[in-house]
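Undergrad: Please read through the structure below; I'll follow up with questions.
None of the figures in this text is laboratory data; all of them are computed from the coordinates on show. Keep in mind that this is a model prediction, so the values were computed, not measured. Please note: Cβ atoms are built from the backbone with ideal geometry, for glycine as well, and neighbour counts cover all protein chains shown.
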Amino acid sequence: MAKRSTLWLTIIGLLIGLLILMVLSISLGSAQISFTTVWRVILSHVPVMGEWIERDWPDSTATIVLDLRMPRILLASVVGAALALAGALYQGVLRNPLADPFILGVSSGASFGAAMTFVFGIQMVWIGQMTLPVVAFICGFATLMVVYSIARIGQKVRMETIILAGVVVQAFLGACLSLVMSLANEKLQTIVFWMMGSLTLTDWSYNAVVLPVIALTAIVAMMFTRELNMLGLGEEVAHHSGVSVERTRFILLILASLMTGAAVAVSGAIGFVGLVVPHMIRLIVGSDYRMILPLSIIGGALFLVGADTLARVSLAPRELPLGVITAFLGAPFFIYLLRQAKREYF
């Protein structure tokens with residue numbers, strides 16, 4: 001009972017913090033639009049309420065608020081939630097506190113697909129501007145399948161083997177990516193900026209494609225909290241508790257990689273979210289995945305919306321790559337984790 005009340009109090013606190021941050025974020029940007037004007041624009045599109053608001057702003061103001069800032073902030077929250085939840089799943093499945101969503105090479109695969117799209121002008125007629133995220137997602141998922149097939153020996157996959165396979169495939173794809181970038185010429189800057197993480201090109205269509213994928217995989221992942229808790233006690237304990245270890249591990253790795261691939265496909269490679277957020281949640285509520293998973297979703301959204309706001313306003317009108325901000329915030333925490341692990345080991 002105490003755990004449940006702690007969970008709900010923490011969820012409510014994080015949701016309030018996320019709501020406040022989103023309100024501030026949508027009111028800030030390189031374009032100088034007053035707080036009241038921003039919210040008059042938004043409320044003017046609310047049924048009934050909009051009839052009482054005089055629309056005395058230019059069309060460009062409405063475009064900035066409704067078609068640039070709002071979809072970007074929503075996508076930042078969705079991507080942050082996906083990366084944090086994927087990080088929590090990887091750490092639980094691999095039983096490695098330093099695991100993050102990019103450990104199995106999904107990010108490298110998606111980045112390679114995006115670079116190919118930029119350089120060779122790949123365009124799928126039937127999806128138009130969504131070609132980039134779709135190709136990046138397909139390449140990221142294909143990378144996971146390659147890693148898993150390399151690591152599979154008979155009917156089993158050892159965790160040490162899959163991590164090593166991920167490192168090897170990631171290194172190979174890194175070399176392929178460097179080769180593509182050397183052929184990029186005028187597209188090089190675009191590729192580099194995308195690889196550092198950015199939500200600059202976001203519009204409502206990106207949310208429409210990514211949100212259902214991430215929401216569905218998150219709902220399925222939430223059904224495996226008991227299995228994650230059992231895996232944390234060891235494979236033998238989990239097996240004797242009725243958990244199908246290999247099947248559960250495969251499903252959770254697929255779910256985590258699907259979320260990572262979908263997130264990376266629309267935002268580029270944004271590091272440290274999946275490493276930092278689950279650990280911060282674990283420090284607050286302990287190691288029960290019934291609490292870690294839902295809180296990681298909200299915490300990830302909060303973290304990335306805050307980071308994206310800093311990226312937009314810190315050097316306005318210029319914009320910093322989002323991955324730079326998350327690295328500045330996450331690297332000190334990563335160092336802290338390494339020092340803690342070193343103390344425990346010795």
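Undergrad: Which of these, Asn207, Asn185, Asn96, has the largest mean-square fluctuation under a Gaussian network model of the chain (Cα springs below 10 Å)?
TA: Asn185
Undergrad: Springs between alpha-carbon atoms under 10 Å, Gaussian network over the chain: tell me which of Ala175, Ala151, Ala84 tops the mean-square fluctuations.
TA: Comparing Ala175, Ala151, Ala84 in a Gaussian network model of the chain, the most mobile one is Ala175.
Undergrad: Follow-up. At most 16 other Cβ atoms within 10 Å and a DSSP loop assignment: could you name the trypsin sites (Lys or Arg not before Pro) in region 3-50 that fit?
TA: Of the trypsin sites (Lys or Arg not before Pro), not one in the loops of region 3-50 has a Cβ with at most 16 other Cβ atoms within 10 Å.
Undergrad: At most 12 other Cβ atoms within 10 Å and a DSSP loop assignment: could you name the trypsin sites (Lys or Arg not before Pro) in region 141-198 that fit?
TA: Arg158
Undergrad: I need the chymotrypsin sites (Phe, Trp or Tyr not before Pro) found in region 180-282, filtered to DSSP loop residues with at most 15 other beta carbons within 10 Å of theirs. Mind showing how you got there, number by number?
TA: Working: sites: Phe193, Trp194, Trp204, Tyr206, Phe224, Phe250, Phe272; in loops: Phe272.
The qualifying sites: there are none.
Undergrad: Provide the per-residue ³J(HN,Hα) series for region 177-190, in order, calculated from phi with Karplus coefficients 6.51, -1.76, 1.60 and θ = phi - 60°, each as a whole number of Hz, with x at glycine and proline positions.
TA: 3J(HN,Hα) across region 177-190, in whole Hz: 5, 4, 5, 5, 5, 5, 9, 6, 6, 6, 8, 4, 4, 5.
Undergrad: Let me ask something else about it. If you line up the long axis of helix 131-151 against the longest principal axis of the chain, both from Cα atoms, how many degrees apart are they, to the nearest 10?
TA: The two axes meet at around 10 degrees.
Undergrad: Output ³J(HN,Hα) for region 204-210: one whole-Hz value per residue in order, computed from phi by the Karplus curve 6.51 cos²θ - 1.76 cosθ + 1.60 with θ = phi - 60°, and x for Gly and Pro.
TA: For region 204-210, the Karplus-derived couplings read 4, 5, 5, 4, 5, 7, 7 Hz, x marking Gly and Pro.
Undergrad: Spelling out what I want: for every residue of region 281-298, take phi, set θ = phi - 60°, compute 6.51 cos²θ - 1.76 cosθ + 1.60 (Karplus), and round to whole Hz; glycine and proline get x.
TA: Values per residue, Gly and Pro as x: 5, 5, 5, 7, 10, x, 9, 7, 6, 5, 9, 5, 5, x, 6, 5, 4, 6 Hz.
Undergrad: Then there's this: Which residue, Gly105, Gly286, Gly299, has the most motion in a Gaussian network model of the chain that connects Cα atoms within less than 10 Å?
TA: Of Gly105, Gly286, Gly299, the Gaussian network model singles out Gly286 as fluctuating most.
Undergrad: May I pose another question? Work out the length of the dipole vector of region 76-341 about its Cα centre, built from +1 on the beta-carbon of each Lys and Arg and -1 on the beta-carbon of each Asp and Glu, and round it to the nearest 20 debye.
TA: Details: 13 positive and 11 negative charges, 50 e Å.
The dipole magnitude comes to about 240 debye.
Undergrad: Then there is this: What's the angle, to the nearest 10 degrees (0 to 90), between helix 245-267's Cα axis and the longest principal axis of the chain?
TA: 30 degrees
Undergrad: In degrees, nearest 10, range 0 to 90: what is the angle between the Cα axis of helix 106-120 and the longest Cα principal axis of the chain?
TA: 50 degrees
Undergrad: Next question, about the same structure. Expressed as a whole percent, how much of the Cα-Cα distance distribution for region 30-126 exceeds 18 Å? Let's see the in-between values first.
TA: Values: 3145 of 4656 pairs.
Of all Cα-Cα distances in region 30-126, 68 percent exceed 18 Å.
Undergrad: Here's a follow-up. Percent relative contact order of region 76-341, based on C-alpha pairs within less than 8 angstrom and at least six residues apart?
TA: Details: 404 pairs, mean separation 90.6, N = 266.
About 34 percent, as a whole number.
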